[in-house]
Amino acid sequence: MKKRLLSILLIALMLFSFTACNGGKETGKTEDSAGKPSDSAKTEDTGADKEKPADTGSDEEVTLSLMVTTRPTTESKDFYLDWLPELVKEKYPNINIEVEQLPTDQYKQTVRLKFASGEGPDFFTWWAGLQAKDLVEAGYVRDLSEFPQLGKFKKEIADSYAFDGKNYAIPLGTSFLTTWYNKDAFAKAGITQLPQNWQEFLDCCEKLKQSGITPITAGDKQSFVIQFGMYQIGASEIYAENPNFDSQLFTGETKFTDPSWVSTVQKFADLYQKGYVIEDSLGLSQEQSRQAFLDGKAAMIFDGSFGYDALAKQGAVEFEKGIFCVPSNDQGKKFVYNLTPSNGIFVNSDDKKQDAIDKVLEYWFTEGTPLFEKWTTTTSDISCYDGVEDSRELIKEYLDRYKNDQSIYNLNNAWPEGVSDMMCTIFQDVISGNSSAEDVCKGMDSKFEELTR
Amino acid sequence: MADRRKRYILLAFLVPALSFYLIFWISPVLMSFFYGLTNWSGLGDYDFIGLKNFKYLIKEGTMFNSLKNTVTYALFVVLWGNLQALSLALILNMKLRTKGFFRTVFYIPALFSTIVVAFIWSYVYAPHYGMIYEITSTIGFTKHLNLIGNSATALLATAFVETWKTSGTMTIIYLAGLQNIPEEILESAKIDGCGAWRTTWNVKIPMLANTITVNVMLGLIGGFKSFDYVFALTGGGPGKSSSTLMYSIYKMAFAESQFGKAEALAAVAFLFILVVSVIVLLFMKRKEMEA
């Protein structure tokens, strides 16, 4: 009996370890974070009382930690991993930069956990709007309103990182969601001009299908890619009529079950139901889907300007590429496209290396310095720095084509984290035929209500 | 008196390890149950919200769906994994000239890291490019399997990868069990007229009762812990069709920044797994005694 009891106890302890170890880790972090916000705020307010920075006016070695998300690059040397540490070292021999690069999913959790455990990076890239709100409210990031070069950036983009009138990031640029297309396949299907409204887009898909060409490829196994198509459609469908949709969500004047949202999801679902999207897209990853596009297996892919390096290269088949925004508007109705702040550089508020960080940022964002030149020529973001134009023909042509149209930020910029995830998860069920557009919208509403309760 | 002093001294030696265990293990676990009753986002302050997290878990179906998927996954891993490993062990225990070579071959998957295995299988399963697609195309099939992109098959396709990876280890354990069966018993069975099948069914398998318990418990715990292959192969999808308890906890905490809710689900997971594991263990022990 004793032995049996002992074995049951041992099993219980073993199970404890794997079900609650996650919680255990977080708990430790909570203890740190619980008291931290007020401490951090104090540190910021009483800047004069701060401990003297280690590197002020001396040659003492300082190592700064930088965290960035993984970005595809065609260059042999990456800006963040190679050029930035090298050029800073050349200019300031006592400053070393250690860069940590992670894919977006892991990146978000790692940065948050590092901050919660008091080990946040010295500076890091992060997203604008609501996505940065928790970091700002927790007091983890520094007010950069006084940064001298901030005025050089487009104000509306810089302001997307502002909370309570204070600016917390240096914008790295903008990006847009777009549809990459195979010009040769379009020509083969007899499509002579880009679609201007939803019906023309559907006609275009139908012509491609009739010509034996799969119209669209999608890596829906990684559900986040669903956003690329959904937000392009939603731009015109929701915001042309109601540019205040996001603020109305928070006041309760509207919901995701609004007909404009249901129609957005339904239009996207129609593309799958009509057989315009590659078969078995739920089994393809983003990378495999991009390869399918490059190999000529489909004529279009929903992606973004951030996919430039990955999609501008040649695959198994050589063809000319173009980009356009899906026009979900009805004929004669207003068209809206996506143009959104990509990332900004945030600085740890609780850092004792502020002088060194300031030196690096000033060097990085001052026109004419070698680091600035390297940044502007290698970045995949579209510059929002005064006087710096994007040199990529496709991007220039795209921005020029839509310069007179209304633009909006990526739709999820206005939502708490988790809503877009719910949208993508249920939409996978729509693709499988197990859910409807209404289910997607109800799920988003329910998650939004839960997160803003 | 001297004995008591000796006992105190021995207990004193336990204090550092016990304190370490209590501070860094037991207290965080208990704290995690508390956080299940809050709306902690992983950053900053939180409020006590009572049982609201549990209410949302039930309302949105996450709790039931994750439990159902975890049980299905674990059952598949236990049943198929053991059947596969036992069959392999019985074959590899035969007097074959090449058994050394095959024992090595079948153990190879166990040497790969999880991420490598997931990467290999993502290409085996990939539609339009994968190994299964190429094979079925070569044979002449026009309708192709999309095992991880289909909500009806994604979970079991993922569990199959886990059994592929763990088959080597389970086989080794069964082999050790088979080699521990005394030769005399097998010979007596032969003298009594038992053929190969009867010897296996009536002698070898009952004699493997202890080994079966070990492998069933290992499979069950592996199945209940299922996270890595789900994360790497399906991301819990399509929809939530392959979202297991551990994956749901991870997603809630790290993708949706709902640490409080994730802790609530972790508490449910703990209680569920504890109860099921104890019941299975007691059942297996009773079976062992009967055998």
Margin query: Among the numbered criteria (1) buried (at least 23 other Cβ atoms within 10 Å of the Cβ); (2) more than 25 Å from A:Q199 (Cβ to Cβ); (3) acidic (D, E), which one does A:E320 miss?
Written below: (1)
Check: Mind checking which residues of the stretch A:196-247 are within 14 Å of another protein chain (Cβ to nearest Cβ) and among the acidic types (D, E)?
Finding: A:D220
Item checked: Those residues of the stretch A:135-156 which are in contact (Cβ under 8 Å) with a residue 60 or more places away in the chain and either within 14 Å of chain B (Cβ to nearest Cβ) or farther than 21 Å from A:L84 by Cβ (or both), in sequence order -> A:L135, A:E137, A:A138, A:G139, A:Y140, A:V141, A:D143, A:K154
Checklist line | Scan of the stretch A:200-225 for residues that are closer than 30 Å to B:F231 by Cα and hydroxyl-bearing (S, T, Y), ordered by number | finding: A:T214, A:T217, A:S223
Next item on the list: Would you tally the residues in the stretch A:430-453 being among the polar types (S, T, N, Q) and either at the interface with another protein chain (Cβ under 9 Å from one of its Cβ atoms) or buried (at least 21 other Cβ atoms within 10 Å of the Cβ) (or both)?
Entry: 4
Check: Among the numbered criteria (1) farther than 30 Å from B:I172 by Cα; (2) more than 10 Å from every other protein chain (Cβ to nearest Cβ); (3) in a helix (DSSP H, G or I), which single criterion is violated by B:S27?
Finding: (2)
Notebook entry, point to check: Taking the stretch B:274-291, which residues are more than 7 Å from chain A (Cβ to nearest Cβ) and under 21 Å from the mean Cα position of the chain (by Cα)?
Noted result: B:V275, B:V276, B:I279, B:V280, B:L282, B:F283, B:M284, B:K285
Next item on the list: Would you be able to say whether some residue in the stretch A:141-150 is at pLDDT 90 or above, of a type in the set (S, T, Y) and surrounded by 19 or more Cβ atoms within 10 Å (Cβ to Cβ)?
Entry: no
Margin query: Regarding the stretch A:109-124, can at least one residue be identified that is under 27 Å from A:K166 (Cα atoms), free of Cβ contacts under 8 Å to residues at least 12 places away in the same chain and exposed (fewer than 15 other Cβ atoms within 10 Å of the Cβ)?
Written below: yes
Checklist line | Only listed residue being among the hydrophobic types (A, V, I, L, M, F, W, C), surrounded by 23 or more Cβ atoms within 10 Å (Cβ to Cβ) and more than 7 Å from chain A (Cβ to nearest Cβ), chosen from B:L271, B:L265 | finding: B:L265
Check: Exactly one of (1) touching a residue at least 12 places away in the same chain (Cβ under 8 Å); (2) more than 30 Å from A:D429 (Cα to Cα) is unmet by B:I249. Its number?
Finding: (2)
Note to self: Going by what's in this entry, would B:S277 be described as at pLDDT 90 or above and closer than 24 Å to B:G81 by Cβ?
What the structure shows: no
Next item on the list: Among the residues of the stretch A:232-259, write down those that are over 24 Å from the mean Cα position of the chain (by Cα) and crowded, with 18+ Cβ neighbours inside 10 Å.
Entry: A:T254, A:D258
Notebook entry, point to check: If only one of A:D295, A:D303, A:D280 is assigned by TED's automatic domain parsing to the domain that holds A:N434, touching a residue at least 40 places away in the same chain (Cβ under 8 Å) and of a type outside the set (K, R), which one is it?
Noted result: A:D303
Notebook entry, point to check: Do we find a residue being surrounded by fewer than 18 Cβ atoms within 10 Å (Cβ to Cβ) and more than 11 Å from chain A (Cβ to nearest Cβ) anywhere in the stretch B:38-46?
Noted result: no
Notebook entry, point to check: Considering the stretch A:399-429 alone, what residues qualify as being in contact (Cβ under 8 Å) with a residue 12 or more places away in the chain, more than 9 Å from chain B (Cβ to nearest Cβ) and farther than 23 Å from A:W127 by Cα?
Noted result: A:R401, A:Y402, A:D405
Next item on the list: Please find, within the stretch A:360-398, the residue that is surrounded by the most Cβ atoms within 10 Å (Cβ to Cβ) out of those that are under 21 Å from the mean Cα position of the chain (by Cα) and small (G, A, S).
Entry: A:S380
Check: Which helices (runs of 4 or more DSSP H) sit wholly inside the stretch A:148-241 and have at least 3 residues that are in the same structural domain as A:S407 (by TED's automatic domain parsing)?
Finding: A:183-188, A:198-210, A:226-239
Next item on the list: Working only within the stretch B:242-262, note down all residues that are β-branched (V, I, T) and more than 9 Å from chain A (Cβ to nearest Cβ).
Entry: B:T244
Next item on the list: Might you let me know whether the stretch A:323-330 holds any residue that is within 24 Å of B:F119 (Cα to Cα) and not assigned by TED's automatic domain parsing to the domain that holds A:F124?
Entry: no
Checklist line | All helices (runs of 4 or more DSSP H) inside the stretch A:320-431 with 1 or more residues being within 26 Å of A:A299 (Cα to Cα) | finding: A:393-401
Notebook entry, point to check: Picking from B:A253, B:A232, which residue would you name as being more than 30 Å from B:G177 (Cα to Cα) and surrounded by fewer than 20 Cβ atoms within 10 Å (Cβ to Cβ)?
Noted result: B:A232
Margin query: I need the full set of residues from the stretch A:242-257 which are free of Cβ contacts under 8 Å to residues at least 60 places away in the same chain and acidic (D, E), in order please.
Written below: A:E253
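The values are calculated or read from the model by the stated rules, or taken from the named source; none is laboratory data. Everything numeric here is computed off the predicted structure, so don't read it as measured data. Note that each Cβ is placed from the backbone with ideal geometry, even for glycine, and that neighbours are counted across all protein chains shown.
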